[in-house]
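What follows is a set of notes on a single structure, which appears directly below.
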């Protein structure tokens with residue numbers, strides 16, 4: 001017999017105004033557990049259960065032996081009989097839940113498909129994994145188990161662009177929680193020599209140690225700044241032959257380029273924010289704009305700033 005019990009008299013002495021509410025919560029919990037177990041007995045599993053709920057419910061009847069069962073007093077199942085919970089039904093319930101049929105993600109966590117092309121920055125033969133620099137989530141490790149590509153495919157190809165397709169979990173704040181599944185990963189040979197030169201340059205700057213300017217000045221280059229710069233280079237590769245890439249003292253990356261009388265600059269800060277501005281020798285200028293990240297607004301501003309370059313190239 002299944003009984004949920006707590007010391008009502010003790011609760012009333014300590015929390016006189018709270019005891020009735022606790023009793024109501026216990027009753028509602030008992031009803032819900034009985035309902036879920038009745039559904040599960042007919043292979044009708046709940047669509048929404050948190051991992052914590054499943055873990056707690058899996059403890060009910062954990063010590064039952066073969067042939068034993070529990071009854072939920074005064075709770076009737078769909079056929080009118082008292083709700084019963086056996087060892088076999090419990091094992092079926094737990095197995096089904098942890099296979100993912102009933103488990104929901106943490107609050108605020110969502111699963112999305114993530115595709116990107118980024119430079120190879122590391123590999124590990126022991127774990128059969130590669131590390132890719134991404135524009136949005138920094139450096140991430142991707143296991144190759146189950147893929148046709150072997151780790152040897154990536155040997156000697158550091159800084160080469162790798163095209164990936166993965167399923168990832170994203171937290172409510174937009175940060176990466178985990179890589180759930182790697183669908184594909186392979187070296188992308190479609191980039192121009194100019195893009196590859198930029199990738200190599202960024203890899204070289206990533207290796208700078210603190211104090212690279214001398215006398216202790218010069219911060220280590222931020223991986224986030226590198227990934228932001230990589231993103232800009234990939235998405236605006238038509239300007240790749242103009243880019244000149246420099247480290248900044250604060251640990252950022254500065255992309256500078258010239259065309260005609262204009263000088264352009266796009267700086268990726270160590271915290272992932274970005275600035276763009278431009279000026280010409282005749283006194284005209286594109287006023288400094290600051291962005292928290294490489295949003296659609298950033299690229300609209302960048303395209304506005306560089307709109308004249310295409311006209312000059314075609315003239």
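Can you tell which of 147, 176 is under 16 Å from residue 114 (Cα atoms) and touching a strand residue (DSSP E or B) at 6+ places or on another chain (Cβ under 9 Å)?
Numbers: 147 fails: under 16 Å from residue 114 (Cα atoms).
None of the other options fit; the residue is 176.
Annotation: residue 198 fulfils all but one of (1) surrounded by fewer than 17 Cβ atoms within 10 Å (Cβ to Cβ); (2) out of contact with any strand residue (DSSP E or B) (no Cβ under 6 Å at 6 or more places or on another chain); the unmet one is (1).
Throughout, read-outs are computed from the coordinates displayed, never taken from laboratory work. Please read all numbers here as calculations on a predicted model, not as lab measurements. Methodologically, a virtual Cβ is constructed for each residue, glycine included, from the backbone with ideal geometry; neighbour enumeration extends over all protein chains shown.
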